[in-house]
1. Out of the residues in the stretch 8-53 meeting the condition of being β-branched (Val, Ile, Thr) and more than 14 Å from residue 64 (Cβ to Cβ), tell me which one is surrounded by the most Cβ atoms within 10 Å (Cβ to Cβ).
2. Restricting to helices (runs of 4 or more DSSP H) lying wholly in the chain: which have 3 or more residues that are touching a Phe, Trp or Tyr at 6+ places or on another chain (Cβ under 7 Å) and free of Cβ contacts under 8 Å to residues at least 24 places away in the same chain?
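FYI, it's all coordinate maths here, none of it is from the lab. Quick caveat: nothing in here was measured; it's all calculated off a predicted structure. All Cβ positions, glycine included, derive from the backbone under ideal geometry; neighbour counts span all protein chains shown.
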Amino acid sequence: MNEAELRALFDEIDTDGDGRISIAELAEGFKAEGAQEHLADEVEKAMKADANHDGVLDFEEFRTLLK
């Protein structure tokens, strides 16, 4: 995934446009992709990319998550 595609995906998941992906936005993004069976586990794993432990993913953390 190139930088533009990564940014577009980030912006799509960041539904309130604040430049950060909350746990709720992340869960909705996973649901939209059809990952409902193990949703809580997937969100928990993804939030481990929250390097500064502020409860949201900024773009750099999101990029790290998808590497």
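1. The selected residue is 13.
2. Details: elements: 3-13, 23-32, 39-46, 59-66.
Fully inside the chain and qualifying: 39-46.
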